[in-house]
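I have placed the structure first, in the form of structure tokens, so that the comments after it can refer back to it.
Every read-out reported here was derived from the displayed coordinates using simple, explicitly stated rules and does not represent laboratory data. Everything quoted here is computed from the prediction, not taken from an experiment. Glycine gets a Cβ as well: all are built from the backbone with ideal geometry, and neighbour counts include every protein chain shown.
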Amino acid sequence: MPHLSASQTYRVRFTANGHPVEGEAEPRMLLSDFLRHVLGMTGTHVGCEHGVCGACTIEIDGAPARACLTLAVQVEGSSLRTVEALAPRPGRLSVLQEAFRRHYALQCGFCTPGILMSLDIFLRATPDPTEMQVREWLSGHLCRCTGYVPIVAAALDAAQKLREALTNDV
């Protein structure tokens, strides 16, 4: 990355949820702030601003990332997915989101977008997870309301439903 002047703004272009986006960012602007304040994508939440809570988890080029630890200028040319991309269409929940609803896996909802993004990435890579694998994957997220039991149940339920859908499609 070339040296960036702190007093300038830079045009940042990338793909967000399958659509090209762009905006101006100062070199020190966090990606979480860029998504929320420049692009108006408020699904990504900001909790601790230190990468500890996981509320800001998104997907960058197929991998989970903390938007509060990433500078907006670092994602130039990248492909991002945020929680807004999970629903297959307006008014319809994804299998994972529906499992969260069914198992009451959210209360205040603040941590939910980051957890959903992490689990979405995890379940694509691990279609038949154990409870321990789910718990380990979630260890980078803080939820102060649910106690994790319904979140783990929802993840395992969603994994089963996704496997069943694959089996029925064959």
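Tell me, what HN-Hα J-couplings in whole Hz come from the Karplus equation 6.51 cos²θ - 1.76 cosθ + 1.60 at θ = phi - 60° for each residue of segment 65-74, using x for Gly and Pro?
With the stated coefficients, segment 65-74 comes to 8, 8, 5, 7, 10, 10, 7, 4, 5, 6 Hz.
What FRET efficiency do you get for D128 and Y10 if R0 is 45 Å and r is their Cβ-Cβ distance, rounded to the nearest 0.05?
Values: r = 44 Å, r/R0 = 0.97.
For D128 and Y10, the calculated efficiency is 0.55.
For E136 and R163, FRET efficiency with R0 = 22 Å and r from the beta-carbon atoms, rounded to 0.05?
Values: r = 20 Å, r/R0 = 0.90.
Efficiency at R0 = 22 Å is approximately 0.65.
Along the Cα-to-Cβ line of L39, 7 Å from the Cα, sits a label point; which residues in segment 76-107 have backbone N less than 16 Å from it?
Counting backbone N atoms under 16 Å from the label point, the list is 76-87.
What distance in nm separates the simple spin-label points at C145 and R101, each placed 7 Å from Cα in the Cβ direction?
1.6
Would you mind ranking V75, V152 by Cβ crowding within 10 Å, fewest neighbours first? Walk me through the numbers before you get to the answer.
Values: V75 24, V152 21.
In increasing order of surrounding Cβ atoms, one gets V152, V75.
List the trypsin sites (Lys or Arg not before Pro) within segment 80-170 that DSSP assigns to loop and that have no more than 16 neighbouring Cβ atoms inside 10 Å. Present the calculation step by step, with values, prior to reporting the outcome.
Numbers: sites: R81, R92, R101, R102, R124, R135, R144, K161, R163; in loops: R144.
For trypsin sites (Lys or Arg not before Pro) across segment 80-170 that sit outside H, G, I, E and B with at most 16 neighbouring Cβ atoms in 10 Å, the list reads R144.
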